[in-house]
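Below is one structure; the comments refer to it alone.
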Amino acid sequence: MQSKTQIIGITTTVPSEILYAANFIPVDLNNIFIANENPDKFVEKAEIIGFPGNSCAWIKGIFSAVKSENIKTVIAPVWGDCSNTHALCEVLKTYGINIIEFAYPYDYSLQKLKLEMNFLFDKFNINEKSVFEWKKKLDIIRKKLKTLDKMTVDGKISGKDNHLWLVNSSDFYGNPEKFDNELDEFLKTNDNINKYDDFKRIGVMGVPSIWSNFYDILEENKAHVVYNEVQFEFSMIKSIETDFYNQYINYTYPYGMDFRLKEIIKQMKERDIQGLIHYTQCFCFRQIEDILVKNNINIPVLTLEGDKPGEVDARTKMRIENFMDII
Amino acid sequence: MKNIVAFDIGSRLTKIVRITPGKFENHSLTHLHPCKSTVASDFPYLTSLLRGELSLSSNSPEENPLRLSVENNYFINFYLIETSYFYINKEKIIEDFPNTMIFITGYGKNNVDFLDNKNITYKKTPELVAHTRGCIYQTGLNDFILLDIGGQDTKVMLCKNGKMADFLTNDKCAASSGRFLENMSKILHIDNIGDYYKNPVTLNSTCAVFSESELIGKLSEGISREILAASVNFALFNRVKKLVIPFLKYNLPLVFVGGLSENKAIIHFIKEELKTNVIIPDFHIFNGSLGAIK
Ligand code: SF4
């Protein structure tokens, strides 16, 4: 066991059960970056030390978040998440950051995933049992998130709130108890009224958008987001009934597009989605995957591309508005 | 109301169509001078549009606000101004249109709140929808592919059964827009760049700004300005075709509008390379403004 609680930075979803069992406080570096008042300064700082202008802004934001929070240890999936994480980790190492690497097996093998997880158990000197116990604890919160997600589908909660709650469940604020209390409060004060009757039902897939007012613009255009794909995956709410290992095998995001698309199509049906927005990040390898999205989804798809943090640009607004007209 | 004015506020140019009943008179306004004028009766579809006979509006012809008196002839003026000029003088420009129904489309349509302060009512239409509709008005077609190359961007729309079914727009970069040609003509010191299409050579740069130095390099190698002008057109065509090709499978007529639809070279390349016929409506630059009228 770790002797005293220590902050650990995460670059994407890393099994929080393990981190909490090991007495870490996980901090999602993406959230630190994007929730900052001046996220563009984060990008700028990374560019000054040499990150190329034509590289992904999230990676640059993560880099600067590590520095700004003075984080000493970062755990990062170097396989199955982002092709840039590898280089990011190498740079972070030269800045004296302790990097713990692990991998989601690309071939989607439960056996290999178990090995990876067990490697982490050993590394942190914890046992399976304590991890399973944490899963039980976190699943209580996840059940509430599931209710929240259902309420979004029913038009009682906005796509933006859905996004915020689900995306923040990647680290539960580093404080599950606080997260749980605030979630209770949020659900309690909800008026339970369907506010989106005359809205079109939209799904948003892809990495969370870098725009500060994306969901507001969608609402202005009468789009109700009933499915935030990656955020939904981060939240693990579809795996409350499954065991710990299978939860991270069910988690589609780090594995191939094939598997991910199957889940998306299933969710689109269940949520009765009329149009799908594929958000892509400028310079992200996942932009290539758009080909597969277009070839496999048979409802209207709008592919958007965000670059630097800030508000939605005029071109994107124009495209959203016209997309809403064709669906 | 007797008069109609439609604005297509583009990222570079604002295209205005003004429709007034009566005979010819000097239609220069305090801040605007027409670049083109016509009478509606010369174009049957314009008359139909103004009589509310085109069934695109959800209103029945009787309730159509546009249903103008059949006896009147209508005089139509077209104005083309810089969008920056429009914003600087917007208050005064609007004063030139009393007693007028106002229709607005284009990028700038979300920046016209000043009209609300003046208690002026107006109708907004999303840009691509306006383009599709303008094309239906002008060509009478219900199924077509519409290519619009403007000053800063390129859009391709698929229209089926009189409704936009899909669209693609260019990447963020201006290299597939009119601005690219404009910059290149300056470097080549050629005014009518669109006239050249013979023997193009390949320009490799993805970036429009880097293309400038590439072009200068080619000049230094002794390649003629005519060939380079053709090459610039070809480079633009090659960027634009990526947006058009996905829609060719529908086997529909291709309608070409926007500032560049006067460019002979682009039309030549579309016909030769894509083996498709090109229809250019009468008011191709004002297609969006006409389509905003509903
Ligand atoms: S947006 Fe793409 S490139 Fe950027 S961090 Fe995410 S997965 Fe990596």
**Fill in**
Rounded to the nearest Å, the spacing of the alpha-carbon centers of region A:270-327 and region B:257-294 is 27 Å
**Complete:** The extension gain from A:A35 to A:N23, computed as 0.36 nm times the residue separation minus the Cα-Cα distance, is 1.8 nm
**Prompt:** Considering every residue in B:117-126, what mean count of other chain Cβ atoms within 10 Å of its Cβ is obtained?
**Reply:** 1
**Request:** State in Å² the accessible area per residue of the protein assembly as shown; use a 1.4 Å probe, count heavy atoms of protein chains only, and round to the nearest integer.
**Result:** 44 Å²
**Prompt:** Within chain B, which DSSP H helices have Cα atoms that stretch 30 Å or more along the helix axis and a mean Kyte-Doolittle hydropathy of at least -0.5?
**Reply:** B:225-248
**Request:** For an R0 of 51 angstrom, estimate the FRET efficiency from the Cβ-Cβ distance between B:Y87 and A:D122 and round to the nearest 0.05.
**Result:** 0.20
**Prompt:** If one takes the accessible area of chain A alone plus chain B alone and subtracts that of the pair, with a 1.4 Å probe, what total in Å², rounded to the nearest 100, results?
**Reply:** 1400 Å²
**Item:** Among B:227-236, B:127-136, B:186-195, A:211-220, the order from most to least packed when residues are scored by Cβ within 10 Å on average
**Value:** B:127-136, B:227-236, A:211-220, B:186-195
**Asked** By accessible area of protein heavy atoms, probe 1.4 Å, what ranking do B:L274, A:L145 get, highest first?
**Response** B:L274, A:L145
**Spin-label model distance (nm) - B:E262 vs A:C282, 7 Å beyond Cα toward Cβ** = 3.3 nm
**Asked** Add -39500 (n - 2.57) for each DSSP H run of 4 or more in chain B, then divide by its residues: what number comes out at 222 nm, to the nearest 500 deg cm²/dmol?
**Response** -10500 deg cm²/dmol
**Request:** Report, for the protein assembly as shown, the % of DSSP beta bridges that are antiparallel, rounded to 5.
**Result:** 40 percent
**Complete:** In terms of the charge dipole of chain A, which places +1 on Lys and Arg and -1 on Asp and Glu at the beta carbon, the residue among A:Q287, A:I99, A:V230 farthest towards the positive end is A:I99
**Dipole magnitude of chain A about its Cα centre (Cβ charges: Lys, Arg +1; Asp, Glu -1), debye to nearest 20** = 440 debye
**Estimated dipole of region A:7-128 in Debye, rounded to 20 [Cβ of Lys and Arg +1, of Asp and Glu -1, Cα centre]** = 240 debye
**Assigned charges on the beta-carbon of Lys, Arg, Asp, Glu; region B:135-256 dipole about Cα centre (debye)** = 340 debye
**Asked** Quick one: Cα centre-to-centre distance for region A:84-126 and region A:7-73, in angstrom?
**Response** 16 Å
**Asked** With each label point set 7 Å from Cα along the Cα-Cβ vector, what nm distance links A:T242 and A:N194?
**Response** 3.1 nm
**Message:** Using protein chains only and a probe of 1.4 angstrom, how many square angstrom of B:M164 are accessible, to the nearest 10?
**Reply:** 10 Å²
**Within chain A, helix-based [θ] at 222 nm, where runs of 4 or more DSSP H residues each add -39,500 (n - 2.57), nearest 500** = -15000 deg cm²/dmol
**Request:** With r as the distance between the Cβ atoms of B:C35 and B:N238 and R0 = 41 Å, compute the FRET efficiency 1/(1 + (r/R0)^6) and round to 0.05.
**Result:** 0.85
**Fill in**
Rounded to the nearest 10 degrees, the helix A:85-94 long axis (Cα) sits at an angle to the longest Cα principal axis of chain A of 40 degrees
**Message:** Rounded to the nearest percent, how much of the accessible area of chain A (1.4 Å probe, protein heavy atoms only) is carbon and sulfur?
**Reply:** 51 percent
**Message:** Using a 10 Å cut-off around each Cβ of peptide A:311-321, what is the average number of partner chain Cβ atoms that fall inside?
**Reply:** 4
**Item:** Alpha-carbon centroids, region B:76-137 and region B:177-229: separation in whole Å
**Value:** 35 Å
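The values are calculated or read from the model by the stated rules, or taken from the named source; none is laboratory data. Bear in mind that the values here come from a model prediction, so they are computed numbers and not experimental data. For neighbour counting, all protein chains shown are included, and Cβ atoms are generated from backbone atoms with ideal geometry for every residue, glycine included. Quick note on the areas: whole protein, heavy atoms, side chains included, nothing else; ligands and nucleic acids left out. Shrake-Rupley method; radii C 1.70, N 1.55, O 1.52, S 1.80 Å.
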